[in-house]
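Below: one structure, written as structure tokens.
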């Protein structure tokens with residue numbers, strides 16, 4: 001069983017999908033805590049609703065990364081809650097070496113594009129504006145690069161001529177909510193084997 005922490009900065013719909021999968025028995029995990037760098041983030045309200053410890057942490061003086069004293073406090077929080085795996089779900093900070101080293105191979109993220117295409121901020125918007133006919137989402141391990149870690153799971157959607165960015169993103173989010181719990185369950189079952197930048201699924 002995964003002893004999971006979820007990090008997020010916003011509404012937490014992917015966190016909710018993970019919570020729902022755990023409560024439905026589709027994901028062999030225990031969510032030990034949910035953390036956010038935004039004090040009033042909806043993801044923390046979701047945690048409280050499900051009686052999961054909801055923890056806010058302040059990243060100051062850094063605006064774009066989790067580092068320094070804040071990182072050390074987060075590491076202590078994770079230890080205090082017995083966390084052995086981290087899922088980033090809309091966490092809008094760059095994760096630095098302290099967390100990456102302590103949880104090496106045990107941090108994953110979901111990105112709104114079919115990586116390696118359209119990494120970085122607003123991957124879904126990038127894909128839509130580029131005019132591709134297909135896009136999707138990617139669950140991947142987190143490394144020191146930007147959306148460069150080994151890919152675990154992907155789901156694809158078509159983009160119709162009648163789609164707006166909003167309608168496309170709605171379809172994409174629906175696939176995210178399937179892909180993320182699925183990838184976590186593969187990990188919980190020991191089916192994932194990472195070989196460098198590649199993944200083998202047993």
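Things worth noting here:
- Spin-label model, residue 160 to residue 1: label points 7 Å out along the Cα-to-beta-carbon direction sit 4.3 nm apart.
- Helix 68-80 and the longest principal axis of the Cα set of the chain meet at an angle near 80°.
- By the Cα gyration tensor, the chain has an equivalent ellipsoid whose semi-axes, rounded to whole angstrom, run 25, 19, 18 from largest to smallest.
- Among 130, 180, 103, the order by Cβ neighbours within 10 angstrom, fewest to most, reads 130, 103, 180.
- Compared with the dominant principal axis of the Cα atoms in the chain, helix 13-23 is inclined by about 70°.
- Note on the range 88-114 and the range 128-165: Cα centroid distance 17 Å, given to the nearest whole angstrom.
- Paired Rg and Dmax values of the range 1-91, which use every Cα atom, in angstrom: 12.5, 40
- Contact order relative to length of the chain, as percent, for alpha carbon pairs under 8 angstrom and 6 or more apart: 19
- Folded to 0 to 90 degrees: helix 165-188 orientation relative to the chain principal axis, Cα: 50
- Value in Å of the Kirkwood radius, where the range 48-92 supplies the Cα pairs that are averaged: 11.9
- Estimated from helices alone, the mean residue ellipticity of the chain at 222 nm is -10500 deg cm²/dmol (sum of -39500 (n - 2.57) over DSSP H runs with n ≥ 4, per residue).
- Computed over the range 3-119: relative contact order in percent, which uses C-alpha pairs under 8 Å that are six or more apart: 30
Any read-out appearing in this document is the output of simple, stated calculations on the displayed coordinates, not a laboratory observation. Being a predicted model, the structure only gives us computed values, none of them experimental. Quick reminder, even Gly has a Cβ in these numbers, built from the backbone with ideal geometry, and neighbours come from all protein chains shown.
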